[in-house]
Amino acid sequence: MLASRDLALAKAPRVDDRRLKALNRIRETVADVQHMSPAQGETIFDFVLEHQPKDCLELGFGHGVSSCYIAGALRVLSQGKLTTVDIDAAKQREPRIEDLVRKLRLGRYVNPIFEPQSYTWFLMRAIERRRQFDFCFIDGAHTWDTDGFAFFLVDRLLRPGGWIVFDDLDWSYSVSPSLKDADWVKAKPEIEQKTKGVRKVFDLLVRRHADYQTHELNGWGYAQKCPSSVPIRMLEVVQENRLQARKAWLN
């Protein structure tokens, strides 16, 4: 009988083979669709493979490209479900998320939800129903008011040890080729046009939150919720107090 380590090693080539086949199929299907590059798709795909979340949440899906990468990883793992939320306007996109999901046969792993105004209303209902998630990918409004509130709500849905990934930390209306000259954007106050909304959320709310450890990589922000019931910074304070007490005693 194979030992557990040998069994894991024996399975590894099969997982790698399934990973490559799944990635290639997704890349081919979404090749000409906005708004996620193949490199970004591979990043989120491998993130899901590594952390193996079962209950996934995505806020903002557009055409559904990122949804396909997340769901494709879940299929490789043979577990989990992605609940992905966007506004009703996403129904007018070509292709629609349902088209991509159908082509890739990922229907059992994806549940698209459309909201009239904002995904914050879905989050309200999720809190009311006491739903929980292991992972959330935020790639929607990219504004301080919507995504700042979204973080506040997602925190109440995220299990200890779970992850939030923030896309486009340094995006703003003023640097968006497709939006910066739109009349409705120009009608906004200058500060709203130029502010990097997700950056503000990540730096002012997430980094300063006692329950999260954070890092950045390639324009994305990563935040893991403390797996313990005791906040990380509280543990740091306790440790620092112990060190100070020991120094005082030695002196």
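All of the numbers you see were taken from the coordinates with simple rules; none came from a lab. Note that the structure is predicted; figures quoted are calculated from it, not measured. For neighbour counting, all protein chains shown are included, and Cβ atoms are generated from backbone atoms with ideal geometry for every residue, glycine included.
When the C-alpha atoms of the range 4-250 are aligned to their principal axes, what extent does each axis show, in angstrom, from largest down?
Per principal axis, max minus min of the Cα coordinates gives 69, 60, 35 Å.
Subtracting the Cα-Cα distance from 0.36 nm times the residue separation, let me have the gained length for Lys180 to Phe114 in nm, one decimal. Walk me through the intermediate numbers first.
Values: separation 66, 0.36 × 66 = 23.76 nm, distance 2.55 nm.
Result for the pair: 21.2 nm of gain on full extension.
Leu20 to Ala89: extension gain in nm, 0.36 nm per residue of separation minus the Cα-Cα distance?
21.5 nm
Set the Förster radius R0 to 22 Å, insert the Cβ-Cβ distance between Ala210 and Arg131 as r into 1/(1 + (r/R0)^6), and round the FRET efficiency to 0.05. Don't jump to the answer; show the numbers that get you there.
Working: r = 23 Å, r/R0 = 1.06.
Result of the calculation: an efficiency of 0.40.
Grab the beta carbon distance between Ser228 and Ala187, set R0 = 35 Å, and tell me the FRET efficiency rounded to 0.05.
On the way: r = 47 Å, r/R0 = 1.33.
After rounding, the FRET efficiency stands at 0.15.
Quick one: if the Förster radius is 30 Å, what FRET efficiency do Asp145 and Ala31 give, using the C-beta to C-beta distance and rounding to 0.05?
It comes to 0.30.
Could you rank the peptides 204-212, 157-165, 33-41 by their average count of other C-beta atoms within 10 Å per residue, with the highest value first?
Listed from highest to lowest mean packing, they are 157-165, 204-212, 33-41.
Mind ordering 62-69, 189-196, 22-29 by average Cβ neighbours within 10 Å, highest first?
Values: 62-69: 26.1, 189-196: 13.2, 22-29: 16.8.
Listed from highest to lowest mean packing, they are 62-69, 22-29, 189-196.
Going by average Cβ neighbours within 10 Å, how do the peptides 46-54, 134-142 rank, with the highest at the top?
Ranked by mean Cβ neighbours within 10 Å, highest first: 134-142, 46-54.
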